[in-house]
Amino acid sequence: MTAANINFVAQRQSVIWLLLAQLVTLAPLLGVLPVWILAVWAFVALWYWRIVSAAWSFPARWIKACIALSTLGGVYFSFPSLFSLEAMVTILVLAVVLKLLELKTARDHWLILMLSYFIVACGLLFSQQIGALIMALLQIAVLLLAQQALQRRRAKTLPMLRVVGVMALQSLPLMLMLFVIFPRIGPLWTMPLPGGQATTGMSDSLEFGDIAKLSQSGALAFRVRFNGVMPASHDLYWRGLVLDDFDGRRWTRSSWSLWSNKMNPPVLAEPKLNYTVTLEPGSHKWLYTLPQAAVSRDDVYYSDQHLWLPARPITGRMQYTVSSNLGQGLVDNKALSRKNLSLGRAANPRAEALAAQWQTQWPDTQDRVAAAIRYFEQTPFIYTLTPPLLGESNVDEFLFDSRQGFCEHFAGSFVYLMRAAGVPARIVVGYQGGEFNDRDGYLLVNQSDAHAWAEVYIEGQGWLRVDPTATVAPNRIRLGAEAMLRDQEGYLGESPLSLRNYEWAKRLRYFVDNINYAWARWILNYDSGTQNDFLLRVLGDINPQRLMLVIMLAGGIPLCLAAFFSLRLPKRAGEDLAARYYLASCAALARKGVPRRAGETPDDYLRRVEAGHACWAAWLREQTRLFSLCSYLPQDSVSYQENLTSLKRARRPQKWLERSTSATGYTSK
Amino acid sequence: MPSDQLAVLAAVSDEIGRVVLGKDRQVQQALCCLLARGHLLIEDVPGVGKTTLSQAFARVTGLDYQRMQFTSDLLPADILGVSVFDRNSNAFHFHPGPIFTQFLLVDEINRASPKTQSALLEAMAEQQVSIEGETRPLPQPYFVMATQNPWFQSGTFPLPESQLDRFLMRISLGYPDERSERRLLAGGDPRAVLSQLRALLNAEKIIALQNAVDAIEVRDSVLSYVQRLIGFTRQDSHYAFGLSTRAALALIQCAKAWAMLQGRDYVLPDDIQLVLEPVAAHRLKAAADGQGDGPDLIKRLLSQVPVVV
């Protein structure tokens with residue numbers, strides 16, 4: 001097999017565009033694909049280039065087999081499982097890249113470009129942010145250019161770009177229509193969606209140091225839009241999950257509560273606070289709400305821990321509307337579990353001694369709680385992101401030795417002390433506060449706002465929130481995590497946006513987030529429910545006939561327009577613009593009663609008009625002069641356009657007369 | 001175009017006008033034909049000044065001049081020349097005929113037999129003569145001016161179409177108008193003035209002028225008008241046959257020369273229209289009797305074909 005076997009003329013331009021298209025297709029996926037893919041591409045591209053330059057020949061069959069097998073082996077070793085989305089996409093990309101070594105016909109060329117479209121679509125599986133969409137559109141533009149370069153004899157970029165623009169405009173109505181009415185089918189099977197394990201977020205267990213780690217991330221957790229006045233920052237305790245199972249070191253959700261834990265939704269008293277929460281994409285196992293809350297959604301239920309949980313984990317972006325009454329207590333309607341007093345296998349003798357002292361001193365549970373709060377107020381604790389590591393008796397070591405900790409240390413120790421003192425207590429994990437984006441008036445809750453606090457059970461009042469962190473570091477609650485921790489090493493250490501100190505950077509961040517939020521609200525959240533509402537509102541009734549009509553209009557209008565512009569009648573032979581405008585002038589004068597005969601030359605006509613119809617003579621003289629300049633005199637490209645424009649502008653004698661008489665300084669020649 | 005050339009051309013017209021009274025237009029047309037490197041056919045009844053015009057023309061242009069009177073017994077050798085045996089050198093020597101000149105006046109061309117007429121063909125078309133297997137070039141510039149009597153007069157052989165096509169233009173003088181005729185009658189024999197005419201041009205000047213004609217600009221819009229004209233003659237049922245491509249070329253060349261005579265360096269449709277009759281009338285024939293002769297056909301052409309589309 002030699003280069004001479006290439007039975008299509010691989011034009012240099014089309015090859016360059018093809019390689020460029022491949023690179024552009026690959027580049028945005030490099031975060032997902034193993035990096036060595038780029039090396040494979042460079043190698044194959046170089047080989048193909050040498051083939052096209054007739055320097056090398058196509059590889060033999062066994063060489064191709066070796067390359068394919070070794071790259072497949074590379075995929076096998078690069079990913080934990082071959083049946084993950086990332087690995088699948090990598091294999092597809094490899095197939096498209098290696099196809100270059102078999103690219104012999106224009107059809108192969110075409111195939112590669114078509115598969116590249118598919119890869120671009122695959123890219124949207126990994127991110128659906130507006131940035132990803134813009135990137136995909138740019139990629140498609142390059143692919144369209146490459147397709148044109150294959151077909152055109154001379155690949156000039158500008159005319160090709162014009163075609164791309166026209167195609168984009170033509171497909172826009174159809175695209176919008178399909179977005180609006182294409183049925184949103186639920187997932188037929190669960191895709192192993194990427195990043196489920198890697199994104200930062202709450203886990204369903206807590207150990208000292210977990211939240212401190214989380215707060216180093218600058219990622220967004222969710223956004224909240226309030227209908228009405230936003231409560232003060234120190235009231236914004238976003239309850240996520242309750243950890244009541246303690247094994248002595250690690251707090252987890254009580255395992256038994258995972259089943260038969262449903263409870264009737266609370267009846268909220270006025271005044272209600274209404275707001276909408278939009279969770280960032282991920283796998284959602286719980287909903288964040290302010291206590292006491294009612295969520296209006298079919299696929300979630302209310303648990304006996306006063307939490308809203310999805311019946312089945314919801315993946316992707318999630319949005320829900322909540323009504324809350326911040327003053328309403330969390331009253332259980334069934335017997336309290338003994339779990340809430342368990343200390344597990346922990347051995348913290350000093351803490352237990354302190355708790356026992358409180359238990360004997362204060363018979364009333366409320367007093368014991370107050371004593372504990374007082375204890376946290378009076379002891380010189382230090383609120384820090386980087387507390388020292390603690391040993392086996394971590395509560396003791398924290399309370400009496402290191403006294404440096406983050407919210408989970410305070411909450412954990414507090415709950416431990418309370419349980420030891422016989423007060424039912426548990427840890428609540430969630431977010432506290434948030435960042436108000438005043439550009440568009442919504443609240444941004446970041447991972448750095450992650451927080452843990454305690455709830456104690458007081459007979460008759462239900463679960464009461466106690467936040468020991470608020471007593472140790474009141475600014476954390478009052479001003480938010482950012483203000484409190486800004487100067488601490490490690491806070492937002494992972495985030496590239498350490499520019500938070502600057503006002504302009506903040507503005508910019510809010511602006512970008514506005515766009516993302518709007519994108520999420522209006523585009524990504526357009527699910528079957530919103531679609532139904534929207535179509536009902538627009539069409540009045542959803543039936544196949546109306547949907548078909550809309551689709552046909554959307555597809556038909558651009559087609560009709562394209563047909564209209566391409567099916568113009570052929571020009572008359574020899575028609576040029578100057579002649580058209582001159583004839584228009586003649587026709588205008590014919591309407592004034594002086595028609596030009598077909599066989600009459602412009603000069604003859606002018607002489608006749610000068611002799612018999614002097615009032616039009618000046619105008620016709622000018623038009624004749626311009627027409628002769630355009631049509632008969634030696635061509636001067638500079639003045640041709642000017643003359644043509646003047647000829648066109650003055651083709652109505654009446655207007656010309658009005659203009660020239662009103663214009664100052666005009667003298668009739 | 002240089003203004004001195006223009007002035008010379010104007011002076012030439014004036015000079016000839018001293019002898020040929022009241023025929024300015026025909027003088028211009030003849031001059032135009034010369035500038036366009038063509039040959040001229042003058043058709044009219046005897047005695048209206050055909051020969052006078054040609055003689056005046058020959059003098060003013062300053063070219064070598066030969067005049068031949070065609071008769072029915074004229075033979076081709078009389079025109080082209082003959083090889084005569086020279087006993088001294090023991091060889092044939094060619095004695096060139098009157099055709100070897102720069103300005104050839106053929107009087108009453110249609111009195112000669114077609115055989116003799118055709119002897120002119122090669123000379124006029126290719127500016128060369130082949131005799132006894134040898135090709136001899138003609139002097140430059142080469143200009144044939146022929147006169148003919150109308151076909152209805154006695155003793156005439158109609159010129160074959162091929163011969164007619166060789167003439168770039170055919171003009172007729174017509175009777176002079178009253179005032180000119182009176183001046184003629186009062187002034188005596190114009191041939192007396194003929195000898196006083198000055199030679200304003202010479203061969204080099206004429207060749208320079210002919211080259212200047214080639215530089216005249218013809219834009220697409222004029223070319224398409226010419227194509228519409230010849231296309232019309234090919235499609236319209238009034239014409240026995242359409243104009244040839246050579247006719248179209250002739251039309252453009254004449255229009256260029258005409259534009260130059262008007263002092264323009266570009267061709268207007270008006271130029272085409274003005275030279276259309278002398279260039280095309282003798283090449284057109286009505287499809288049927290009673291549809292008019294050349295001038296009527298030209299008039300139809302001019303009125304029917306749109307100038308601007």
Look through B:8, B:20, B:48, B:27 and report the one residue that is over 15 Å from the mean Cα position of the chain (by Cα) and modelled with pLDDT of 85 or more.
-> B:8
If residue A:585 satisfies every condition in (1) away from chain B (no Cβ under 14 Å); (2) of a type in the set (Gly, Ala, Ser); (3) crowded, with 17+ Cβ neighbours inside 10 Å but one, which is the exception?
-> (1)
Out of the residues in the range A:48-104 that are of a type in the set (S, T, N, Q) and either assigned to a helix (DSSP H, G or I) or at pLDDT 90 or above (or both), state the one that is surrounded by the fewest Cβ atoms within 10 Å (Cβ to Cβ).
-> A:70
Among the residues of the range B:287-300, is any touching a strand residue (DSSP E or B) at 6+ places or on another chain (Cβ under 7 Å), crowded, with 18+ Cβ neighbours inside 10 Å and away from chain A (no Cβ under 13 Å)?
-> yes
Using the structure shown, decide if residue B:246 is part of a loop (DSSP other than H, G, I, E, B) and surrounded by fewer than 20 Cβ atoms within 10 Å (Cβ to Cβ).
-> no
Hits in the range A:28-47 (condition: of a type outside the set (Val, Ile, Thr) and either modelled with pLDDT of 90 or more or outside any helix (DSSP H, G or I) (or both)) | A:33, A:34, A:36, A:38, A:39, A:41, A:42, A:43, A:45, A:46, A:47
Residue check, residue A:563 assigned to a helix (DSSP H, G or I) and either farther than 14 Å from residue A:180 by Cα or modelled with pLDDT under 80 (or both) = yes
Got a sec? Which of B:253, B:262 is of a type in the set (S, T, N, Q), touching a residue at least 24 places away in the same chain (Cβ under 8 Å) and within 22 Å of residue B:211 (Cβ to Cβ)?
-> B:253
For the range A:412-438, name all the residues that are modelled with pLDDT of 85 or more and aromatic (Phe, Trp, Tyr).
-> A:414, A:416, A:431
Looking at this structure, is residue B:234 of a type outside the set (Phe, Trp, Tyr) and within 14 Å of another protein chain (Cβ to nearest Cβ)?
-> no
Considering every residue within the range B:241-251, establish whether at least one is within 14 Å of another protein chain (Cβ to nearest Cβ), at pLDDT 90 or above and over 22 Å from residue B:52 (Cβ atoms).
-> no
Determine which member of the set A:228, A:240 is in the same structural domain as residue A:471 (by TED's automatic domain parsing) and closer than 26 Å to residue A:407 by Cβ.
-> A:240
Does residue B:170 satisfy the criteria of being more than 18 Å from residue B:54 (Cβ to Cβ) and either in the same structural domain as residue B:80 (by TED's automatic domain parsing) or assigned to a loop (DSSP other than H, G, I, E, B) (or both)?
-> no
Quick one: which residue in B:220, B:177, B:189 is away from chain A (no Cβ under 14 Å), free of Cβ contacts under 8 Å to residues at least 24 places away in the same chain and of a type outside the set (Ser, Thr, Tyr)?
-> B:189
Identify, from the list B:267, B:308, the residue that is among the aliphatic types (A, V, I, L, M), within 11 Å of another protein chain (Cβ to nearest Cβ) and under 22 Å from the mean Cα position of the chain (by Cα).
-> B:267
Which pairs have Cβ atoms under 7 Å, sit 6 or more apart or on different chains, and link a residue in the range A:570-582 that is closer than 17 Å to residue A:598 by Cα and more than 7 Å from every other protein chain (Cβ to nearest Cβ) to one that is surrounded by fewer than 18 Cβ atoms within 10 Å (Cβ to Cβ) and at pLDDT 60 or above?
-> A:581/A:648
Select from the range A:599-647 the residues that are more than 14 Å from chain B (Cβ to nearest Cβ) and β-branched (Val, Ile, Thr) and list them in ascending order.
-> A:609, A:638, A:645
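The values are calculated or read from the model by the stated rules, or taken from the named source; none is laboratory data. Source: prediction; values computed, not measured. Ideal geometry is used to build each Cβ from the backbone, glycine not excepted, and the neighbour counts take in all protein chains shown.
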